[in-house]
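The values are calculated or read from the model by the stated rules, or taken from the named source; none is laboratory data. This structure is a prediction, so every number in the text was calculated from the model and none was measured. With ideal geometry, Cβ positions are generated from the backbone for all residues, glycine too; neighbour counts draw on all protein chains shown. All accessible areas refer to the heavy atoms of the entire protein, side chains included, with ligands and DNA or RNA removed. Shrake-Rupley method; radii C 1.70, N 1.55, O 1.52, S 1.80 Å.
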Amino acid sequence: MAAYEKRRAAAAPVPAGGSGLAEPGRAAPGGSELAEGSAADFLLRAGVTAMVREALLKVLEARPAEPVSFLAEYFERLVPAEAAAEPPGPPQRLARALWYVRLAHHSHRTAFDSNAGAAYEVLGCGGRRRAAGVDGRLYSELLRRICQRGAAPAEAAAALLRRVRCRDHEAVPFDVFRYGVLTCCVLLEFAAKADALFAVLGGGGSADTRLCQAVLRALEDALGAGHGPRPGRYLEAGSRLGPDGLALAMDRALQERKLGSSMSREEFLRKATALFIAKVKPVE
């Protein structure tokens, strides 16, 4: 027993003088508060506190299905950009700006506006031979990349870009930038809703033309009756196409004694998105 106690005493760690460390379970007088203050000051000076706070806010704004993966991608994209001695080239800036505008849904207005501002700042960072600011070329390319993902037909995306694009050499103000980005995001959601509506009508690659035309007429009427700020108000059209209104329009169409032809999904989406684009105010 005496030998065991002697070995235990020999193995016990001895705090180094002046190290500020204390034995487990014992707090040095004033040492805990000093250590906590030093750690907080260090994180604040290094910018870690603000960075982590911003990352957590992005998670809360986006509410992704995989928060840990979201954070990993966030820091992976953030750190190289912060550490770079020279501003990244246009492809890298476009990729990062695209990532920013997809962080939060456009219905989360505050978060979306903040991310749009971050994307604008990323695209506008100038190198040694370039003044700061977003030009029409980068702005138009970003809009094109936004429209690439989604159910919107290529013709609809091209028609929308013609309405909201700027000349390559023009300086794009943030209000115009935000309007173009928001309009493209709304187009993608509008096309997705139209696609879901067609699935209800046909459930396959085609549907009865009478039904499709009746729904398109109801959709056009709903688009004309929307209220609120553009272009988000056009999504209200989906809520106006309630079950009763659709059922009535479809019933009237089916009461016609004409032999109905079929309309393809692609044609229905083209016509539905054309109704949306006709309501978009062109950039002057």
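A quick yes/no check of all residues on (1) assigned to a helix (DSSP H, G or I); (2) acidic (D, E); (3) modelled with pLDDT under 90:
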| residue | (1), (2), (3) |
| --- | --- |
| A131 | no, no, yes |
| L138 | yes, no, no |
| E141 | yes, yes, no |
| C147 | yes, no, no |
| A151 | no, no, yes |
| A157 | yes, no, no |
| C166 | no, no, no |
For residues that are at pLDDT 90 or above and touching a helix residue (DSSP H, G or I) at 6+ places or on another chain (Cβ under 6 Å), tally how many sit in region 99-114.
1
Residue that is at pLDDT below 90, more than 22 Å from the chain's Cα centre (by Cα), surrounded by 20 or more Cβ atoms within 10 Å (Cβ to Cβ) and outside any helix (DSSP H, G or I), where the choices are A214, A207:
A207
Among the residues in region 100-116, are any within 16 Å of V280 (Cβ to Cβ) and basic (K, R)?
no
All conditions in (1) modelled with pLDDT of 75 or more; (2) in contact with a Phe, Trp or Tyr (Cβ under 8 Å, 6 or more places away or on another chain); (3) open to solvent by 70 Å² or more (accessible area, probe 1.4 Å) are true of E54 except (2)
Given (1) aliphatic (A, V, I, L, M); (2) outside any helix (DSSP H, G or I); (3) under 21 Å from S107 (Cα atoms), L187 misses just (2)
Return the pair list, or none, for Cβ contacts closer than 6 Å from residues in region 103-125 that are closer than 24 Å to S69 by Cβ and assigned to a helix (DSSP H, G or I) to residues that are at pLDDT below 90 and acidic (D, E), at least 6 apart or on different chains.
A111/E61
